[in-house]
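Read through the structure below, which is laid out as structure tokens, and then see the notes.
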Amino acid sequence: MSSLKDEKVFHDEGDGTVEDVDIVPSDLPVHLGEDVAYGPSGIAGVVQSPFVFAAALIASMGGFSFGYDQGVISIINVMDQFHDVFPYATNGFGKGFMTAMLEFGAALGCFFMPWLADKISRKKAIFVVTIFFNVGAILQTAAVNYEMLVLGRTIGGIGVGTLAMGAPLYISEISPPNLRGTLLVLESVSICLGVVVSFYITYGTRHMDGEIAFRLPLGLQMVSATIVGFGIFLFPYSPRWLALVGRNDDALANLSRMRRLPADDERVQTEYKGIIAEAQFQKTVLERRHPGKHGLRLEILTWLDLFSPKSWRRTVVGVGVCAFQQLSGINAFIYYAPTLFQSLGQSEQMALDMSGVFNILQLFAVSVCFFIIDRVGRRPLAIFGGLGGLVSWGIMAILVGLYSDNWKAHSAAGWGAVAMAFVFILTYGVSYSPLGWALPSEVFPTATRAKGVALSTATVEYWLRNVRILRGQEEREIMQATAAQVMRAGVPTHQV
């Protein structure tokens, strides 16, 4: 590569401005290989790329661990066996604090993961964080008091947060351009599958006598994380990370292996040169912005780069889509589904059944998005999800406000509210559920992708939901407040 003639290249920053770089070789494509056509998009393209699909599937199982850890607490929160051992978890604050500390740990993990992923590679970082996840799972399973349980959820949360952002980071960098959106949806599919599996495991164990009723489902969360930790080593390093650290020959070899094509194939060469061009550009920009800076100071400055005049629009998109994902009110249902359905006038058994249906509908809707996201596009899905959430939550809020004082006398209204909950999860599942994971991984360049995804995930994906959950509100207050929150946020979602 060093023998090629160098010339100035003008790089579009994505916000209407350009920046010139002098060192990019003249035959490297300015489009960075993003228009390389390896085949069709959607499921047809996945069938033609089984190796990349398998790598993305293993990585996305980190999302399964995330979803499982979220969903497992839903029924455990209402188990008498659990409350007998941890009586403090029966009051509003105790329940909310225990739930929220998982997300607090996840937020911490998100800020730790970018440094680790850039330092030792995306896939090795995924392995390391599964250790945190499993340590947290062991502490939760073996907890003998409330404090030990909370500590386990906090440490496990570090693993949850890092797995949640590490998987889409790796997937976005190994996927061919025609399949990137489709494969990124796997993260959301895996999260929903984890929620469903954990829900029905706890649904079954709740009938067991003694502590095994909740300790068994808590312990089983280690299975998927262990599979991810060891399974990821069956697949190559990210070619983009290899280029970023100067291992260009390895980047070409891994790219060829990923695409199942010879290294001299024209499409592989075009994508490879685009990857190298982007890596060189990002390094040059970093050197010009922060000459002579190293270590912790450089790390802090690169975080601040996310808010620079040339990058802040990308940050707004990444953080914004996660904000709207959380403002949808989804987490009230994930954590408190049985009690929320009871607050809509359903019996205890019916509330559990409706919670299971709710989770299955989300899994179905996200699976639909897997087939259509690269055909329909991101913006139409965001608009559809915003409108669907606005209408369904609006009707639900009206019904709760009018009839919640006496659901028995207005059973039709109660079932109407349940129906609106199902409409909400279908529109959310096909839109913001996957978009919250796909878009942040796509909008940032390689050099800042890890930090951009982390910021998008940590500042909104966890902190916004914690504000509501940590307050330990009564179920009816959670429902009404969340509905009002979404009513306020409904119109801006159309602009994502």
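The helices (runs of 4 or more DSSP H) falling completely within segment 410-496 include none with 3 or more residues that are at positive phi and at pLDDT 85 or above. Against the condition surrounded by fewer than 24 Cβ atoms within 10 Å (Cβ to Cβ), among the β-branched types (Val, Ile, Thr), part of a helix (DSSP H, G or I) and touching a Phe, Trp or Tyr at 6+ places or on another chain (Cβ under 8 Å), how does VAL185 come out, does it pass? It is false that VAL185 is surrounded by fewer than 24 Cβ atoms within 10 Å (Cβ to Cβ), among the β-branched types (Val, Ile, Thr), part of a helix (DSSP H, G or I) and touching a Phe, Trp or Tyr at 6+ places or on another chain (Cβ under 8 Å).
When segment 167-207 is filtered for residues that are under 30 Å from PRO338 (Cα atoms) and acidic (Asp, Glu), only GLU187 remains. Does SER121 fit the bill of being among the polar types (S, T, N, Q), closer than 26 Å to LEU301 by Cβ and crowded, with 21+ Cβ neighbours inside 10 Å? No; evaluated as a whole, the condition is false for this residue. Exactly one residue among LYS119, LYS123 is among the basic types (Lys, Arg) and within 21 Å of GLY194 (Cβ to Cβ), and that residue is LYS123. Kindly list, by first and then second residue, each pair from a residue in segment 248-270 that is of a type outside the set (Gly, Ala, Ser) to a residue that is assigned to a helix (DSSP H, G or I) and loosely packed, with under 15 Cβ neighbours inside 10 Å, limited to pairs with Cβ atoms under 9 Å and residues at least 6 apart or on different chains. Correct list of pairs: ARG257/PHE51; MET258/PHE51; ARG259/PHE51; ARG260/PRO50; ARG260/PHE51.
Determine whether LYS283 is touching a strand residue (DSSP E or B) at 6+ places or on another chain (Cβ under 8 Å) and surrounded by fewer than 19 Cβ atoms within 10 Å (Cβ to Cβ). Considered against the rule, which asks whether it is touching a strand residue (DSSP E or B) at 6+ places or on another chain (Cβ under 8 Å) and surrounded by fewer than 19 Cβ atoms within 10 Å (Cβ to Cβ), LYS283 comes out as no.
For segment 234-254, the tally of residues that are surrounded by fewer than 20 Cβ atoms within 10 Å (Cβ to Cβ) and under 23 Å from GLY67 (Cβ atoms) stands at 1. Filtered by the rule that a residue be of a type outside the set (D, E, K, R), free of Cβ contacts under 8 Å to residues at least 40 places away in the same chain and either surrounded by fewer than 23 Cβ atoms within 10 Å (Cβ to Cβ) or more than 23 Å from LYS95 (Cα to Cα) (or both), segment 145-172 gives MET148, LEU151. For segment 411-441, a residue qualifies if it is over 21 Å from ILE191 (Cβ atoms) and touching a Ser or Thr at 6+ places or on another chain (Cβ under 7 Å), and exactly one does: MET420. Residues in segment 134-151 that are closer than 21 Å to PHE233 by Cα and modelled with pLDDT under 95: none. Restricting attention to segment 135-154 and to residues that are assigned to a helix (DSSP H, G or I) and β-branched (Val, Ile, Thr), the residue that is farthest from GLY229 (Cα to Cα) turns out to be VAL150.
Residues that are surrounded by fewer than 22 Cβ atoms within 10 Å (Cβ to Cβ) and hydrophobic (A, V, I, L, M, F, W, C) were ranked within segment 421-442; the one that is nearest to the chain's Cα centre (by Cα) is LEU426. Only one entry of LEU116, LEU102, LEU108 meets the criterion of being of a type in the set (A, V, I, L, M) and either modelled with pLDDT of 90 or more or more than 26 Å from the chain's Cα centre (by Cα) (or both), and that entry is LEU116.
Among residues that are in a helix (DSSP H, G or I) and under 29 Å from GLY39 (Cβ atoms), ARG180 is included.
Screening segment 194-228 for residues that are of a type in the set (D, E, K, R) and either more than 26 Å from PHE127 (Cα to Cα) or in contact with an Asp or Glu (Cβ under 9 Å, 6 or more places away or on another chain) (or both) and picking the one that is surrounded by the most Cβ atoms within 10 Å (Cβ to Cβ) gives ARG206. The residues listed here are GLN325, GLN346; of these, the one that is within 20 Å of the chain's Cα centre (by Cα) and of a type outside the set (A, V, I, L, M) is GLN325.
Considered as a group, the residues in segment 89-113 that are of a type outside the set (A, V, I, L, M) and touching an Asp or Glu at 6+ places or on another chain (Cβ under 9 Å) include one that is farthest from GLY157 (Cα to Cα), and that residue is GLY92.
Take residues that are under 23 Å from LEU455 (Cβ atoms) and tell me which of the helices (runs of 4 or more DSSP H) falling wholly in segment 288-387 contain 2 or more. Where helices (runs of 4 or more DSSP H) fall fully within segment 288-387 and carry at least 2 residues being under 23 Å from LEU455 (Cβ atoms), they are 295-304, 312-327, 330-343.
Answer yes or no as to whether ILE126 is surrounded by 23 or more Cβ atoms within 10 Å (Cβ to Cβ), among the β-branched types (Val, Ile, Thr), modelled with pLDDT of 90 or more and closer than 23 Å to THR302 by Cα. So ILE126 fits the description; yes.
The values are calculated or read from the model by the stated rules, or taken from the named source; none is laboratory data. Bear in mind that the values here come from a model prediction, so they are computed numbers and not experimental data. Reconstructed Cβ throughout: ideal geometry from the backbone, glycine too, with neighbour counts over all protein chains shown.
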